[in-house]
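Down below is the structure, laid out as structure tokens.
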Amino acid sequence: MDKKRILIVDDEPTFTRMMQLVLEQSGRYVVRQENKGAQALAAARDFKPDLILLDVVMPDLDGGDVAAQIEADPLLKNTPIIFLTALVDEKESQGNAVKRGGYPFLGKLVSDNDLFKCIEDNLRQ
Amino acid sequence: MGAEPLRILQIEDSAAQARLLEEILRGAMDAPYELKWVDRLSAGLEHLEQSNFDLVLLDLGLPDSQGLNTFERLYARHPLSAVIVLSGLDDEGIALKALQAGAQDYLVKGQVDGRLLVRAIRYAVERKRVREMLTKERDLLEALIQSLPDQIYVKDAAGRFLRANGAVASFFNLATVDALYGKTDFDFFPHEMARPFHEEEQRIIGSGEPVINREACIADQSGGNHWMLTTKVPFRDHNGAIIGTVGINRDVTQMKMAEEELRRANTELARSEAELQKAVAELQKAHDELRAAQMQLVEVEKLQVVGRLAAGVAHEVKNPLAVTLRGIEYLSKSMVAKDEVVTTVLKDMNDAIRRADAVIRGMLDFAAPRQIEVRSEDVNAVIERALWLVKHDLDRRCITVNRWLEHDLPRCMIDLQKMEEVFINVMENAVHAMPAGGSLTVRTYARQLTGFGTNVGDSKVLRFKMGATVVIAEIEDTGIGIPPDKLSKIFDPFFTTKPTGQGTGLGLSVCKTIIELHGGAIDIRNRKEGGAQVAIMLKAERKE
Ligand SMILES: Nc1ncnc2c1ncn2[C@@H]1O[C@H](COP(=O)(O)OP(=O)(O)OP(=O)(O)O)[C@@H](O)[C@H]1O
Ligand SMILES: [Mg+2]
């Protein structure tokens, strides 16, 4: 089975690096990091991910705007997006991403089990 | 009479007659006496004017006065004098009339002998003395009765006035008491008013039972109302037979009015005192509300600042935490051989991150500008659910639960989730306070606020209106209680006495915020029997 492609967009390089390590460690995914919101669309066009993990708060262009760009792109518009945020309350989400504005939201401190589960769920759709 | 000589005035125009009488007297009188003789009525009257005489011997036919008229003139001027009329045989009829008009006796001239004269004199003087005494007595009594402000009256068996004093006359607007005599109440009062009085008197006459101090409101002739205190007793003749009634009315209108005035003044006083108290209470309330509002403003301001700060900090801290967490996950999965020590270290690091995360979450929880979504809920049900959620903890510590949940508890407008959070927090605190087990008592009841000073809450309690129905939930434990010096701090954010990692100290401050968002109050105190009691007061939903 082909590995799924995941694009992770976050302004914090150490975080994207750790995510890449963890995700690829599972052997199921190929991950690409992008640390600039403004570059996210270009990276997606180039990488053609099966799923995008997107930070909400970024200095140049925030997650909401990036999501709008992706949606507006005819080739990318069906790519599932999961928001990763420091602000969502994990207790609230209990591992199941909170839906806000139609998108699933995950806390950044989500456990790996919940993280993988959420990714798999969204890949299936 | 003693040694005083009897003073006799003889009014006689005939000197011969006068001398004859003098002769008779001298021969017959055994007591000392003085005799003064004048020959005219005018002279006699003059003498009577000037000095006292015990007896007047009066001839009716005088140069300056004739017949009965002579007596009448004298008697009119000196009604108290004892008068013996001396008459000629021819005017015996007149003499008789004089007797009827008040003369003590009459003697026919020429038939007077010593013994007869002396006896007549003695009787006349004696009668005069008795009459004087009686008159004095009567005058005294009369003066007494007349001078009393009370109405005093005697009525015959038919209710006719026989005697009365001036107070009665003036009550009926009459110039003299004479105008009363022979009249009854029916002559002065309207029939329907006079009748009960009359019937009352008839009862007294029939039974001999007096009426004592009956109070009644009676209208006088000019329509003014009087409060009368009436006592009526039977009036008996000398054989003891009841022949009428004697009554006394006392006008107690002034007293009544004074009483009434006093009572009014008292209630007025009581009312104004109550009003004053109310005003003071209202002032106090306004003041407290103002303060509360002020505090709330400060609080809101603080919350906004803290909220922004917390969000910023959370964001900045969570990212590195996330990095670390993912790193730990990566490391633990990439371990080739299971190394016990490394596994433990990684697990401890994971726990540390979780703890840091909990602090941040608590802080966000506390600081986040909150909104509550209220619906009509049954507080008992909320408590049951919270109990169910902490059941695991309760069972583990062998804590028994006592439920005293009032049936038909009024529903409250509350945010189910938030309020559940409150109860869980409070119950978890109780569990933590009973590490060796104990009992948790949960009690709910409704109450109508009767005033200030309930044991629930601080100044915020003033959000509750007097008379409002509140639902009170009490959660009691038999745990270690709260050190008195810590009591004032436990609602402060981050105040905890629990070891690091076990409590963030945000539980109660979040509870308080939530409760206050509901317009309720929360209070915690130590129980006399040991352990702590948390009381939560919520406004009951108003039944329309
Ligand atoms: N039922 C209780 N009996 C004894 N002490 C209590 C009780 N409830 C609260 N306390 C005291 O009040 C402190 C503050 O309580 P609070 O719920 O705010 O924080 P916490 O329980 O320490 O931490 P957290 O609830 O955030 O996990 C507690 O640490 C404890 O000392
Ligand atoms: Mg607590």
>> Restricting to the range A:22-49, name every residue that is under 16 Å from residue A:115 (Cα atoms) and not hydrophobic (A, V, I, L, M, F, W, C).
In response: A:24, A:25, A:26, A:27, A:28, A:29
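Could you check the range B:103-186 for strands (runs of 3 or more DSSP E) lying wholly inside it with 3 or more residues that are over 41 Å from the mean Cα position of the chain (by Cα)?
B:105-108, B:161-164
Taking the range B:483-509 as the search range and keeping residues that are open to solvent by 30 Å² or more (accessible area, probe 1.4 Å) and of a type in the set (Val, Ile, Thr), which one is farthest from ligand 1 (Cβ to nearest atom)?
First, pick out the residues of the range B:483-509 that are open to solvent by 30 Å² or more (accessible area, probe 1.4 Å): B:483-489, B:491-502, B:504.
Adding the requirement that they be of a type in the set (Val, Ile, Thr) leaves B:496-497, B:500, B:504.
Details: B:496: 3, B:497: 3, B:500: 11, B:504: 4 Å.
Out of the qualifying residues, it is B:500.
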> So which helices (runs of 4 or more DSSP H) are wholly in the range A:20-119 and hold at least 1 residues that are at pLDDT 80 or above and over 24 Å from residue B:317 (Cα atoms)?
Replying inline: A:40-47, A:63-72
> Within the range B:47-74, which residues are out of contact with any Gly (no Cβ under 8 Å at 6 or more places or on another chain), of a type outside the set (A, V, I, L, M, F, W, C) and farther than 21 Å from residue B:22 by Cβ?
Replying inline: B:49, B:50, B:64, B:65, B:66, B:69, B:72, B:73
>> I'm trying to understand the selection: among the residues of the range B:510-527, which are within 8 Å of ligand 1 (Cβ to nearest atom) and part of a helix (DSSP H, G or I)?
In response: B:510, B:511
> In this structure, does residue B:20 turn out to be closer than 18 Å to residue B:132 by Cα and either of a type in the set (Val, Ile, Thr) or open to solvent by 70 Å² or more (accessible area, probe 1.4 Å) (or both)?
Replying inline: no
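Residue by residue, here is whether (1) touching a Pro at 6+ places or on another chain (Cβ under 8 Å); (2) within 16 Å of ligand 2 (Cβ to nearest atom); (3) at pLDDT 95 or above holds:
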position	(1), (2), (3)
B:428	no, yes, no
B:441	no, no, yes
B:446	yes, no, no
B:485	no, no, no
B:493	no, yes, no
B:514	no, yes, no
B:517	no, no, no
B:544	no, no, no
> Taking the stated definitions as given, is residue B:401 open to solvent by 40 Å² or more (accessible area, probe 1.4 Å), more than 14 Å from chain A (Cβ to nearest Cβ), within 15 Å of ligand 1 (Cβ to nearest atom) and within 23 Å of residue B:482 (Cα to Cα)?
Replying inline: yes
> Going through the range B:184-205 one residue at a time, which ones are out of contact with any Asp or Glu (no Cβ under 9 Å at 6 or more places or on another chain) and closer than 9 Å to residue B:234 by Cα?
Replying inline: B:204, B:205
>> Within the range B:346-361, does at least one residue satisfy the condition of being part of a helix (DSSP H, G or I), crowded, with 20+ Cβ neighbours inside 10 Å, within 13 Å of ligand 1 (Cβ to nearest atom) and assigned by TED's automatic domain parsing to the domain that holds residue B:323?
In response: yes
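Yes/no matrix, rows are residues, columns are (1) out of contact with any Ser or Thr (no Cβ under 6 Å at 6 or more places or on another chain); (2) within 14 Å of chain B (Cβ to nearest Cβ); (3) in contact (Cβ under 8 Å) with a residue 12 or more places away in the chain:
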site	(1), (2), (3)
A:10	no, yes, yes
A:15	yes, yes, yes
A:18	yes, yes, no
A:32	yes, no, yes
A:38	yes, no, yes
A:41	yes, no, yes
A:56	no, yes, yes
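The values are calculated or read from the model by the stated rules, or taken from the named source; none is laboratory data. Bear in mind that the values here come from a model prediction, so they are computed numbers and not experimental data. All Cβ positions, even for glycine, are placed from backbone atoms using ideal geometry, and neighbour counts span all protein chains on display. Keep in mind that these areas ignore ligands, DNA and RNA; they rest on the heavy atoms of the full protein, side chains included. Shrake-Rupley method; radii C 1.70, N 1.55, O 1.52, S 1.80 Å.
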